[in-house]
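Here, each number is a calculation from the coordinates, and none is a lab measurement. Note that the structure is a prediction, hence the values are computed from the model and not measured. Using ideal geometry, Cβ is built from the backbone for each residue, glycine included, and neighbour counts are taken over all protein chains shown.
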Ligand SMILES: Cc1cc2nc3c(=O)[nH]c(=O)nc-3n(C[C@H](O)[C@H](O)[C@H](O)COP(=O)(O)OP(=O)(O)OC[C@H]3O[C@@H](n4cnc5c(N)ncnc54)[C@H](O)[C@@H]3O)c2cc1C
């Protein structure tokens, strides 16, 4: 069966297909074992072929953006990992509406909006994922969430059917979006406003400075590990529990921002996950708070 996955993948698409691709090379925290098969469809038609075929053959699929919110386990990922960053990254403007495909880096949309003199995306400067990952996670910062500027989203269903949903019909939450499990986000339409370029640039530079001051950007990480509970910022509780700088192997709670786990060089996913579990236990025992994970852990157990 394993062999067949491979044979089929390279027959179905012209886009790149990698076998046993080390996921540490495709995730920002740089941990994780191999993806059995990593496919880069070159356009919507190829994606449709992939999805239909995988559906018929019951091949498990995982959509990978830029891997900036993912911890892939050391045993890797079975089936097909599908990445849209090479073939689906168009962006266009219609009045004050930007349409951007799922594989485009969110930062390219932020820069595009600045060039066009549009305001609304400034708080998202520095969030390192794709449009697809940003929508799936309802990415946000400084009180803003991507859903706030979203007009509608287009998705592919299991059989390859394409549907567009207005924001009002989508169930976003804090760092989340409820979608049927097999749906793939293809693109979003975002409504912005005309703004003054100097003001936009001023905001961008202030958000960017705050990010550089607060986040440990000099080490690989997956961004914030936990969602902020209603009792206050997760980082505050972790810091109060004395865990800043705490290590499991090469995974460490960042001394700069306690809600970040950084990879000191050769961390394994196992060490990152162990450290996450240890934090969860300690915060529950000491503060009675159940931390909920923001990062997604995927791969074989
Ligand atoms: C240094 C750093 C700083 C960060 N700062 C922030 C921040 O300020 N705010 C914030 O919200 N996040 C932040 N993050 C986390 C991360 O960048 C966001 O969650 C981002 O939106 C994830 O996008 P991605 O493309 O990397 O998604 P991935 O990590 O590749 O995937 C995340 C999830 O989305 C799903 N997904 C991806 N694309 C699609 C698609 N097309 N269709 C359906 N599902 C899809 C994946 O299957 C997975 O479940 C930070 C991360 C880092 C490393």
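Counting neighbouring beta carbons within 10 Å and listing from fewest to most, the residues 116, 202 come out as 202, 116. Eigenvalues of the alpha-carbon gyration tensor of the range 217-298, scaled by 5 and square-rooted, set the equivalent ellipsoid semi-axes at 19, 12, 12 angstrom, largest first. For the residues 158, 101, 285, a GNM of the chain with alpha-carbon springs under 10 Å puts the largest fluctuation on 285.
Does the range 91-199 come out rounded, prolate or oblate, given a ≥ b ≥ c as the square roots of the eigenvalues of its C-alpha gyration tensor, rounded meaning a/c under 1.5 and, failing that, prolate meaning a/b above b/c? The shape class here is prolate.
Within the listed set 28, 182, 168, the residue fluctuating most in the Gaussian network model of the chain (springs between alpha-carbon atoms under 10 angstrom) is 168.
Could you line up 264, 121 from fewest to most neighbouring Cβ atoms inside 10 Å?
Ranking 264, 121 by Cβ neighbours within 10 Å, fewest first, gives 264, 121.
Looking at the chain, what % of its DSSP beta bridges pair antiparallel, to the nearest 5? That works out to approximately 80 percent antiparallel.
For the pair residue 284 and residue 236 in one chain, pulling the backbone fully straight at 0.36 nm per residue adds 15.9 nm over the alpha carbon distance.
The length gained on full extension between residue 167 and residue 151, counted as 0.36 nm times the residue separation minus their Cα-Cα distance, comes to 5.2 nm.
Inter-part distance, the range 278-301 to the range 208-259, computed on C-alpha centroids, equals 13 Å. Restricting attention to the range 91-199, close to 100% of DSSP beta bridges with both partner residues there are antiparallel. Here the range 157-205 and the range 71-95 have alpha carbon centers that stand 16 Å from each other.
Stretching the chain fully between residue 20 and residue 178 yields a gain of 53.9 nm (0.36 nm per residue, less the alpha carbon separation). Apply the a/c threshold of 1.5 to the C-alpha gyration tensor of the chain and tell me whether it is rounded, prolate or oblate. Since a/c reaches 1.5 but b/c is at least a/b, the shape of the chain is classed as oblate.
Rounded to the nearest 500, the 222 nm mean residue ellipticity of the chain from helices alone is -9000 deg cm²/dmol, with -39,500 (n - 2.57) taken per DSSP H run of at least 4 residues. Highest GNM mean-square fluctuation, the chain, Cα pairs closer than 10 Å: which of 43, 218, 209? Judging by the Gaussian network model, the answer is 218.
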